[in-house]
Structures are given as C-alpha cells and as structure tokens.
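Please treat every number below as a calculation from the coordinates, not as lab data. Only a predicted model underlies this, so the values are computations on that prediction, with no experimental measurement involved. Neighbour counts run over all protein chains shown; Cβ positions are idealised from the backbone, glycine included.
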Amino acid sequence: MPPSFAIQTIGILGGGQLGRMMAFAARAMGFRIIVLDPEENCPCAQVADRHIRADYSDQAACRELFLSSDVVTYEFENVPVASARIFGDKLPQGSNLLEITQDRLLEKEALCNLGFLTADFLPLRNSEELEIFSQQFLRQPTKVFLKTARGGYDGKGQFVLQTAADLQQFREKHYKPEIAYVAEQALDFDRELSAIVCRNAQGKSSVFPIAENIHRNQILHQSIVPARVPEQIHQKASDIALKMAEGLKLQGTLAIELFLCGEELRVNELAPRPHNSGHFSLDACLTSQFEQHIRAICNLPLGDVRQVSPCVMLNLLGEDMDKLSREKVGKHKLHLYGKKEARTGRKMGHINILENSLEDCSSSMEKIL
Ligand code: ADP
Ligand code: MG
C-alpha cells in the first residue's frame, strides 16, 4: 500500500456531538479515533477507538493524545490555548484562531482588521468602560445585547438591555468587574444566515450552501437550506467566507454567523469548527461538513459540497424528546447524539428533512413536532 493509505489516528479534543460526527466520518474513511474528554461515555467516546478521560487542561493527558495521534483536531473552541500549543504541527488548525474565537472582543477586533462589518459595539473591559457605555446608553436607550467576552454559547452569558431599569439591574445583579463584556447594538435583521468554509494546507477552500437559521430562545431551532434570499446574497456570503478563510490562513473549518440587514451582511460570530447550522450537509450534500473537516485537517483533496435536495434541519432539545416518535420521524433522517439525560435546552439530536421543495420540508416538519 502507498504510504498515504497507511492507517492513521486522529485525536479529537472534545467528545460532544461534533466530535462524534467527525469520528463517524473519519472512521468511514479508514482512520482510527482517540478522543480526550473529561466525561465518561460522552457522545464521541461511544464511537471512538479510545477515550482518554481527562480535563482539557491536563498536560500529561494532552501529551498522551499527542504521542498517540498522527493528526489532532478540536471540536469546540474552549480548549485552553496552552493545551492546544502542546500539539504543535500535529494540530493543523493551530492555536491562533482558537485564541481569537474564545474571546468576542478579540474576534470583533480581528473581523474589523480584516475589513468585515459587525454590529456596532463597545468593549466593557473595566469599570471605566462600563461608565462610558452607561452614560451613552442612558442618553439614548436602545436595545443592546450585552455578552460576556468569553465562554458564552446558546445565548448563555447574554443580557438584553432596553431601558434604564435593565441597565441598573445588570449593574447590580450580573456585572462582574473581573469579567470583560461586549455591548452590541441589537440589529433589526431580516434573516440570520451562516456560511461554513473548509480549507486545507494547500490553500484549497470550499464553502457549503448558505443556511438560513431560525433561533428560539437564542438556541438554533431550524436551518433552512438553501437560505431563502436572492442569489447575490448567497454569492456575497460565500465570498465573505472565502475571503475570511484566506485572511485567517484557515486550516480546517470555519463557521460564520451572519445577519442580513437589507442588502448588507454583518458578521455576528465565528466558530473554528463544524457548526450546528451545517448539519444539513450530512444528508443533503455530496460531502458533509464533518467529512470535509477531516479532509481539510489531513490535507486531502476537498470533497464536492453540491446540495442534492432542499433541506430543513430541525434541532431536537431535551424538552422535545417526549413529543417525538419514530413513527412521526418516518422517512426523515434522525441523528441522535447518545446523551442519556434529556435536560431542557440540551441538544440531543437533529432531524434532516429532505423533500422536493422547502415548502414541503416545512410542512413535513410541522407534522413531526
Ligand atoms: P451564542 O454564542 O450564544 O450563539 P450569539 O452572539 O450568536 O451567541 O447570539 C445568539 C443569538 O442571539 C443570535 O443568533 C441572534 O439570534 C441573537 N443576537 C445576538 N446578538 C444580536 C444582535 N446584536 N442583534 C440582534 N440579535 C442578536
Ligand atoms: Mg451564535
């Protein structure tokens, strides 16, 4: 066998559903999988060859993963940067993009430097900056999203302010001076979109069809693909993704959440990994985002991301599971993540609904839940 077909081992930092779906794709391609995650029986450990059960900051465990893997990837962006550095060249994604996307302020700064539009924002890194923001807000109260700079996801760590009373409540009950926040103007967007781009070490990039995302309680509820926007918006969103992949010297996957306001696209946030809004690609594209991610980090030729059917991806949260039945899911594509406990708001799985038209996808969706 030529050396390029020798069995290789991919190490994954993080054992959630994204790691699990990476592992499925990688195994189909002949790779072995080792996952590092602190949780016993986590979604990825259930399908991996080996599980190193340890905290992400455990240097000895990271070294063990390093020594046992040919290539390493991460499935979530809150891996400590110091741990990521241990992997050197074995982590093609590097630690730079990780560092940027762990912090909303660094992320916004990087986006502005690369010339991308975001919502108007003010940094709240200390009490002086909180004062500056407060005075500006009180002069003309408008809707603002306050987000912790680090660690937020699915709307966690966010506060919406509209009135002076909201601000007072934030200052008295929630504000922690040792934490940095970003105060972001609330945008009255027409649609939320996302673009997912993969790029390999040779600099070859590929963008998935643009998804339209509908959130409920700030958690992704559905992705509709292709997004119901004019062709030039699809083009614009793809161009942003390609330009960003080049600008950030991406190796691996980058998901870009966008707000469409009139003709204008503003970047909401970035994720340096496969993304919930890209799950449609598992059934609706010739190559899934997980396969493409594995191809990208292994510097293999990228796959064809052509979409073969309209698709609505429906997320399944803990509270949805009681209402669901195999009968109702019927012919549609159910993906479950192997989580035992169905807590409210916890992502348990998703369904890809494929029909001849998006209208038919939506009516099928209504019948499922
Ligand atoms: P998370 O990391 O929790 O996904 P986001 O910044 O993406 O954080 O916020 C979650 C959701 O909240 C967004 O998808 C959007 O629906 C809403 N949101 C966040 N920021 C804004 C904003 N500036 N204007 C309007 N809606 C926003
Ligand atoms: Mg988001």
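Some observations on this one:
- The chain - Debye-derived log10 I(q)/I(0), Cα point model, q = 0.11, 0.13, 0.14 Å⁻¹: -0.79, -1.11, -1.28
- Segment 137-152-segment 49-104 distance, computed between alpha-carbon centres (Å): 32 Å
- All distinct Cα pairs of segment 242-348 go into the 1/r average, and the inverse of that average, the Kirkwood radius, is 16.2 Å.
- Value of relative contact order over the chain, rounded to a whole percent, pairs C-alpha under 8 Å and six or more apart: 13 percent
- The simple spin-label model puts a point 7 Å past each Cα toward its Cβ; for Leu334 and Gln136 those points are separated by 4.9 nm.
- Estimated inter-spin distance, Gln158 and Lys323, nm [label 7 Å along Cα→Cβ]: 2.1 nm
- According to the calculation over all Cα-Cα pairs in segment 34-190, the P(r) per 10 Å bin from zero is 10, 31, 26, 20, 12, 2 %.
- Intensity falloff of segment 112-166 expressed as log10 I(q)/I(0), Debye formula with alpha-carbon point scatterers, at q = 0.30 Å⁻¹: -1.26
- For segment 1-88, the calculated P(r) over all alpha carbon pairs, in 10 Å bins from 0 to the bin holding the longest distance, is 19, 54, 23, 4 percent.
- Helical runs assigned H by DSSP (4 residues or longer) give the chain a calculated mean residue ellipticity at 222 nm of -8500 deg cm²/dmol, each run adding -39500 (n - 2.57) before division by the residue total.
- Thr344 sits among other residues whose Cβ lies under 14 Å from its own Cβ, and their net charge, with Lys and Arg +1 and Asp and Glu -1, is +2.
- Alpha-carbon radius of gyration plus Dmax, which is the widest Cα pair, for segment 131-255 in Å: 18.1, 53
- Rg/Rg_ref, segment 79-126, where Rg_ref = 2.2 N^0.38 Å and atoms are Cα: 1.37
- Using the Cβ of Ile12 as centre and a radius below 14 Å, the other residues enclosed give a net charge of 0, where K and R count +1 and D and E count -1.
- The alpha-carbon atoms of segment 222-269, seen along their principal axes, cover 29, 23, 18 angstrom, with the largest extent given first.
- Across segment 30-80, Cα-Cα pairs farther apart than 12 Å form 62% of the total.
- Total formal charge among the other residues, if their Cβ is under 12 angstrom from that of Ala245, Lys/Arg +1 and Asp/Glu -1: +2
- The Ala82 and Arg216 beta-carbon pair, evaluated with R₀ = 30 Å, returns a calculated FRET efficiency of approximately 0.25.
- Backbone HN-Hα couplings from phi across segment 85-93 [Karplus 6.51/-1.76/1.60, Hz, Gly and Pro as x]: 5, 4, 7, x, 5, 6, 10, x, 5
- Extension gain, Tyr175 back to Glu129 (0.36 nm per residue minus Cα-Cα distance, nm): 15.3 nm
- Using 0.36 nm per residue and subtracting the Cα-Cα separation, the extra length available between Val308 and Thr344 on full extension is 9.6 nm.
- Of interest is the spacing of the C-alpha centroids, which for segment 221-261 and segment 299-369 amounts to 21 Å.
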